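Below you'll find the structure, written out as structure tokens, and then a few comments.
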Amino acid sequence: MTVVAIDRCLDLIEELAAHPNGCLPTELANRLRLPESAVHRLLGTLVDRRYVRQDASTRAYMLTLHLATL
């Protein structure tokens, strides 16, 4: 059994890991073939949990080292 939200979240994390300089939400939505609103919700949760941060100047999202501390 697959949980769609978890699949999407892991796909997003893997995509961000492949782009260490970050990605814009529109880029992520296009690459993952997801609605941009879903990407924004996932990113919001990951930011709240400190797994992802947003660069203030470029507005790109990127992984933090929080995942490595698990």
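The values are calculated or read from the model by the stated rules, or taken from the named source; none is laboratory data. All of these numbers come straight from a predicted model, not from anything done at the bench. Ideal geometry is used to build each Cβ from the backbone, glycine not excepted, and the neighbour counts take in all protein chains shown. When the accessible area is computed, the model is the full protein with side chains, heavy atoms only, and any ligands, DNA or RNA have been set aside. Shrake-Rupley method; radii C 1.70, N 1.55, O 1.52, S 1.80 Å.
When you check Arg49 against the structure, is it more than 20 Å from Ala5 (Cβ to Cβ) and either open to solvent by 70 Å² or more (accessible area, probe 1.4 Å) or acidic (Asp, Glu) (or both), yes or no? Against the criterion (more than 20 Å from Ala5 (Cβ to Cβ) and either open to solvent by 70 Å² or more (accessible area, probe 1.4 Å) or acidic (Asp, Glu) (or both)), Arg49 does not qualify.
Candidates Gly44, Gly22: the one that is within 22 Å of Leu70 (Cβ to Cβ) and touching a Phe, Trp or Tyr at 6+ places or on another chain (Cβ under 6 Å) is Gly22. When the test is whether a residue is in contact with a Gly (Cβ under 6 Å, 6 or more places away or on another chain), open to solvent by less than 90 Å² (accessible area, probe 1.4 Å) and small (Gly, Ala, Ser), Ala68 does not pass it.
If you go through region 26-41, how many residues are among the hydroxyl-bearing types (Ser, Thr, Tyr) and closer than 19 Å to Thr58 by Cα?
Total meeting the criteria: 1.
Among residues of region 1-25 being among the aliphatic types (A, V, I, L, M) and over 22 Å from Ala56 (Cβ atoms), the one that is most open to solvent (accessible area, probe 1.4 Å) is Met1.
Every residue in region 46-70 that is part of a helix (DSSP H, G or I) and within 9 Å of the chain's Cα centre (by Cα), please. Passing the criteria: Leu46, Val47.
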